[in-house]
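In what follows, a single structure is set out as structure tokens and then discussed.
The values are calculated or read from the model by the stated rules, or taken from the named source; none is laboratory data. Fair warning: this is a prediction, and the values are worked out from it, not measured in the lab. Cβ coordinates were reconstructed from backbone atoms using ideal geometry, including for glycine residues, and neighbour counts include every protein chain displayed. Areas reflect the complete protein model, heavy atoms only, side chains present, ligands, DNA and RNA absent. Shrake-Rupley method; radii C 1.70, N 1.55, O 1.52, S 1.80 Å.
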Amino acid sequence: MTDRAPAVLECSQDRPLKQLPGTRPEPQLSLPVRSAKRPFVKNVILARLCMQQLAAIGECLEPVVLKERMVLQEPKRPIEHVYFIESGLVSLRVVAAGSMLETAVIGYRGVVGTSFLWGGHLSTHQSVVIFPGTAHRIRIEDLRRIMKAHPEIKDHLFDYIQALTFQCVQTGLCGVRHHREQRLASWLCLASEAVDTRVLPVTHDYLSSVLGLRRAGVTETLIRFEEQGLIRKMRGVLQVDEPKALEEKACCCYKLVSAAYAASSVRTLKEEQAS
């Protein structure tokens, strides 16, 4: 764990990424922590907790169905729950003067509502469900109490927050430095990886709003991607047919952000192997 967020990075040589599976996993709505057998959880942070830590936090986890457009948190409002995402996708946004800027997308690798770890009591972002799914949520006071008894849980959350902060900052750079085609390809790659599926229920209007691009420009770019065999457009859905080729269209931000999330898990994996 480090005590500072990583700096924004410019483009560099990127590592290859694994191909994304084409089917969406079944949602998991329960966490039977009392069983002697380790329960299945898809959320990366929960999945990497040891049995003792998972049992402690599992006592206070509540399954939640995430519906499209459901608002999990509003800016300048008290933070009541932390959401460990199991499936679906949440958009993290800065909202001001009637305008909106998406700074990150959060899927099964992440958590919504961790700003309380910095000592704040109010949310700094708006968090909105854009792809329906499921999550496990826990009250802030319960999580604070459990982290006192199991500080390793706090360490895992800080590792994740470092990667999330990197994504938020890198998104700002991307918006002013990179072209429409690069940014659109990068968003599709990040979203596909965050939900672990190639089928994305997203519209041209939504992509236009979160990327700050003209709708006509988004439509033109997606048509070009489809002509190149990278995606297939259907009513309200985009399917990524050639993820590797789409990654080549994306700006460096995609692989830098993906690598940041992978790096946030390295220490945890080493601990698991040593135990």
Item to check | Index of the failed condition, Q228 passing every other in (1) at pLDDT 95 or above; (2) under 22 Å from V176 (Cβ atoms) | outcome: (2)
Item to check | Identity of the residue in region 220-248, open to solvent by 10 Å² or more (accessible area, probe 1.4 Å) and of a type in the set (V, I, T), that ends up farthest from A259 (Cα to Cα) | outcome: I223
Item to check | Residue, nearest to M100 (Cα to Cα), within region 179-217, restricted to residues that are open to solvent by 60 Å² or more (accessible area, probe 1.4 Å) and assigned to a loop (DSSP other than H, G, I, E, B) | outcome: G212
Checklist outcome for this item: Note on region 66-86: residues farther than 14 Å from I106 by Cα, assigned to a strand (DSSP E or B) and touching a Gly at 6+ places or on another chain (Cβ under 8 Å) are H81
Checklist entry - Looking at this structure, is L89 assigned to a strand (DSSP E or B) and open to solvent by 60 Å² or more (accessible area, probe 1.4 Å)? => result no
Next on the checklist: Every residue in region 124-150 that is within 16 Å of the chain's Cα centre (by Cα) and of a type outside the set (D, E, K, R), please.
Outcome noted: H125, Q126, S127, V128, V129, I130, F131, P132, G133, T134, A135, H136
Item to check | Criterion: touching a residue at least 60 places away in the same chain (Cβ under 8 Å) and acidic (D, E) - qualifying residue of E220, E193, E227 | outcome: E193
Checklist entry - Is at least one residue of region 156-178 touching a Cys at 6+ places or on another chain (Cβ under 6 Å), open to solvent by 20 Å² or more (accessible area, probe 1.4 Å) and either within 27 Å of R48 (Cβ to Cβ) or not in a helix (DSSP H, G or I) (or both)? => result yes
Checklist outcome for this item: Checked E247, E220 against criteria (part of a helix (DSSP H, G or I) and more than 30 Å from Q162 (Cα to Cα)); the one match is E220
Item to check | Qualifying residues in region 242-275 (those that are polar (S, T, N, Q) and more than 22 Å from V176 (Cβ to Cβ)) - the one modelled with the highest pLDDT | outcome: S264
